[in-house]
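Here's the structure, in structure tokens; my notes come after.
The values are calculated or read from the model by the stated rules, or taken from the named source; none is laboratory data. What you are looking at is a predicted structure, and each value in this text was computed from that prediction instead of being measured. Virtual Cβ from ideal backbone geometry, glycine too; neighbours counted across all protein chains shown. These area figures cover heavy atoms from the full protein model, side chains too; ligands, DNA and RNA do not enter into them. Shrake-Rupley method; radii C 1.70, N 1.55, O 1.52, S 1.80 Å.
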Amino acid sequence: MDWGMKNRFSKIIRPADGRCLMLAVDHGYFLGPTERLEDPRKTVAPLLPYADSLMLTRGVLRNCVPAERDVPIVLRVSGGTSIVGEDLSKEAITTSIEEAIRLNASCLALSIFVGSKYEHQTLASLGKLVDEGEKFGIPVLAVTAVGKEMGRDARYLGLACRVAAELGAHIVKTYYCENFEQVVESCPVPLVVAGGKKLPEMDALKLAHDSVTHGAAGVDMGRNIWQSDYPVPMIKAVKAIVHDNADVKEAYSIFTREKAGKKEPQKVKAVARPADFD
Ligand code: R5P
């Protein structure tokens, strides 16, 4: 890795412990105004001090995150589909490398859809993006997106992660599964685990804990943080697992202690929303 690549990579996966807490707020790129991410400014602001990096699109970055904030950016550069469109796997690169550089991105993120109708298109885009990233010293995070019809087991996820790494991804985002160690062992680059749909806090903390204890470098977590009634206590608890090796019990007591200090849960807006994913 050259200096620039190494420097940017170290902003995502912290060299002190090889771990990462990436806060994902990119959901609107195909889901529109996802519940509790209707106004990303409000969702993101209180969480920023606790996230190692922020995963989002250029639109939300430009409009909802103050440029003065010193938070490393994982810029989602793929998209072009929506939850009501023809096929979610039909993604292309939607943001240029010049734009990513202008926005001072520390990492580029793109989804691949292994086993889907548009597998080839998304894998070819990954190869192209890695070439661009290498040219300018910007690492690439491959997001292994899983279609409804695909099994989320170690065999499938291992295949998708390995393909991503073979095409040059520097980090791969995937899902936790049974025998997750097999996925980790067969992928030569660091893996981060997505949170997925909102779970009870204890279960989400267990997911984060299982992920890092079975070899993930950390989490790329969104809904399980900001859809919690207590997002700041939740991110603090996840952070304790990722960076302080807290166990689930310790993390949950951080959550309950922090929660006790808050007056009211965050309010849910009653607006029509598209269906969730995962
Ligand atoms: C999908 O929109 C993105 O890749 C998300 O960033 C990813 O799924 C992580 O978010 P969550 O923890 O909500 O699944």
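At a glance:
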quantity	calculated
Flag if Val84 is within 13 Å of the ligand (Cβ to nearest atom) and either more than 24 Å from Ala160 (Cβ to Cβ) or at pLDDT 95 or above (or both)	no
Meets criteria (among the β-branched types (Val, Ile, Thr), at pLDDT 95 or above, under 30 Å from Arg36 (Cβ atoms) and surrounded by fewer than 19 Cβ atoms within 10 Å (Cβ to Cβ)) for Thr174	no
Number of the condition not met by Pro66 [criteria: (1) part of a loop (DSSP other than H, G, I, E, B); (2) open to solvent by 40 Å² or more (accessible area, probe 1.4 Å); (3) in contact (Cβ under 8 Å) with a residue 40 or more places away in the chain]	(3)
Hits in segment 12-43 (condition: within 26 Å of Asp244 (Cβ to Cβ) and of a type in the set (A, V, I, L, M))	Ile12, Ile13, Ala16, Leu21, Met22, Leu23, Ala24, Val25
Set Lys267, Lys239, Lys249, Lys198: member being at pLDDT below 95 and either on the phi > 0 side of the Ramachandran plot or not aliphatic (A, V, I, L, M) (or both)	Lys267
Selection status of Glu86, acidic (Asp, Glu) and in contact with a Ser or Thr (Cβ under 6 Å, 6 or more places away or on another chain)	no
Every residue from segment 98-131 that is assigned to a helix (DSSP H, G or I) and touching a strand residue (DSSP E or B) at 6+ places or on another chain (Cβ under 8 Å)	Ala100, Glu119, Gln121, Thr122, Leu123, Ser125, Leu126, Lys128, Leu129, Val130
Any hit, segment 93-111, residues being within 22 Å of Val60 (Cα to Cα), modelled with pLDDT of 95 or more, open to solvent by 20 Å² or more (accessible area, probe 1.4 Å) and within 16 Å of the ligand (Cβ to nearest atom)	yes
